[in-house]
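What follows is a set of notes on a single structure, which appears directly below.
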Amino acid sequence: MTPRGASRPHQQSRPQQGRQNGRPQRQRRQPDPRQPAVDVHDPDGVRLQKVLAQAGVGSRRACEELIAAGRVQVDGVTVRELGVRVDPQRHTIHVDGMRVQLDNSLVYLALNKPAGVVSTMNDPQGRPDLGGIVGPREERLFHVGRLDTQTEGLILLTNDGELAHRLAHPSYEVPKTYLAEVTGPLARDVGKRLRAGIDLDDGPAAVDSFRVVDARPGAALVEVVLHEGRNHIVRRMFDEVGHPVIRLVRTQVGPIRLGDLRPGRARAISGPELGSLLAAVGM
Ligand code: URA
């Protein structure tokens with residue numbers, strides 16, 4: 001089976017949530033046209049296009065175009081002038097409604113955990129761990145949630161405590177996608193049962209979506225999306241419907257995809273991809 005693949009300038013409050021399919025749905029920040037004009041010019045600051053370019057939004061020229069097109073907000077105010085200077089420590093910047101992370105000390109990594117690696121940064125028993133993949137680093141990274149030792153795939157690492165907290169918190173309901181190879185042949189009603197909810201020892205659990213990717217007589221490859229993260233949740237659900245998991249790979253967390261990241265490798269998350277991750281948890 002191949003998986004397909006600061007000090008914070010300002011702390012934002014959670015955006016308003018609508019509801020869809022009975023679950024809260026996060027909305028992108030929209031600039032409020034009625035808001036009073038706020039002076040975002042900081043004479044001692046750095047030019048806005050330079051700040052954006054340094055944050056990985058694009059080249060300085062591309063950032064100038066974003067500003068001129070009215071796609072950039074500083075502290076909620078749309079800025080179209082190119083001369084504006086801002087203080088990256090103090091101002092909050094959004095592009096197309098998505099937060100731009102301006103604090104260079106914050107690190108965000110996507111890591112492809114191979115089977116056999118434990119989900120800890122430094123395993124006291126000396127087993128292969130996540131710290132061994134990212135190597136020694138100045139900043140203290142946390143892993144966001146865990147994967148079972150035998151489960152492979154996407155795990156996020158960061159030193160942004162607020163993001164880690166929000167991603168792990170059930171109230172933000174960040175969807176996680178798994179590709180599961182399970183014993184076959186698949187019973188016809190498996191998807192329906194998993195969507196309806198399965199009674200587990202620690203309470204009911206349901207998938208948000210279920211899709212058969214490949215079905216062979218002895219095994220099937222299915223993609224499931226869940227927004228909760230109890231221990232061994234996917235394995236326990238498939239056990240309960242009579243199709244134990246043979247192999248499990250997490251391919252997506254919120255908007256972050258595993259893609260073609262090789263097992264045992266990590267890559268930085270930055271620019272619009274980071275903006276979408278922050279937006280997914282209302283930051
Ligand atoms: N569900 C599982 O069963 N295992 C994991 O590692 C993640 C989700």
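For this structure, a couple of remarks:
- Any strands (runs of 3 or more DSSP E) falling wholly within region 124-206 and containing at least 2 residues that are within 13 Å of the ligand (Cβ to nearest atom): 142-144, 152-158, 176-183, 198-200
- Residue check, E138 modelled with pLDDT under 95, surrounded by fewer than 17 Cβ atoms within 10 Å (Cβ to Cβ) and out of contact with any Gly (no Cβ under 8 Å at 6 or more places or on another chain): yes
- Residue check, P88 part of a loop (DSSP other than H, G, I, E, B), loosely packed, with under 14 Cβ neighbours inside 10 Å and out of contact with any Ser or Thr (no Cβ under 7 Å at 6 or more places or on another chain): no
- Complete set of residues in region 196-233 that are of a type outside the set (S, T, N, Q), over 14 Å from V182 (Cα atoms) and exposed (fewer than 13 other Cβ atoms within 10 Å of the Cβ): A196, D199, D201, D202, G203, P204
- The condition (being closer than 17 Å to G254 by Cα, out of contact with any helix residue (DSSP H, G or I) (no Cβ under 7 Å at 6 or more places or on another chain) and at pLDDT 95 or above) is satisfied by just one residue among K192, K176: K176.
- Within region 178-189, the set of residues being within 13 Å of V234 (Cβ to Cβ) and among the aliphatic types (A, V, I, L, M) comprises L179, A180, V182.
- Set L52, L66: member being modelled with pLDDT of 95 or more and either surrounded by fewer than 17 Cβ atoms within 10 Å (Cβ to Cβ) or within 26 Å of E273 (Cβ to Cβ) (or both): L66
- For region 216-272, the candidate set comprises residues that are within 9 Å of the ligand (Cβ to nearest atom) and in a loop (DSSP other than H, G, I, E, B); within that set, the residue that is nearest to P175 (Cα to Cα) is G229.
- Within region 256-278, being of a type in the set (D, E, K, R) and either modelled with pLDDT of 95 or more or in contact with a Leu (Cβ under 6 Å, 6 or more places away or on another chain) (or both) holds for R257, D260, R262, R265, R267.
- Flag for Q25 being closer than 21 Å to P272 by Cβ, among the polar types (S, T, N, Q) and modelled with pLDDT of 90 or more: no
The values are calculated or read from the model by the stated rules, or taken from the named source; none is laboratory data. Everything numeric in this text was worked out from a predicted model, so none of it was measured. As a convention, Cβ positions derive from the backbone with ideal geometry for all residues, glycine included, and neighbour counts pool all protein chains shown.
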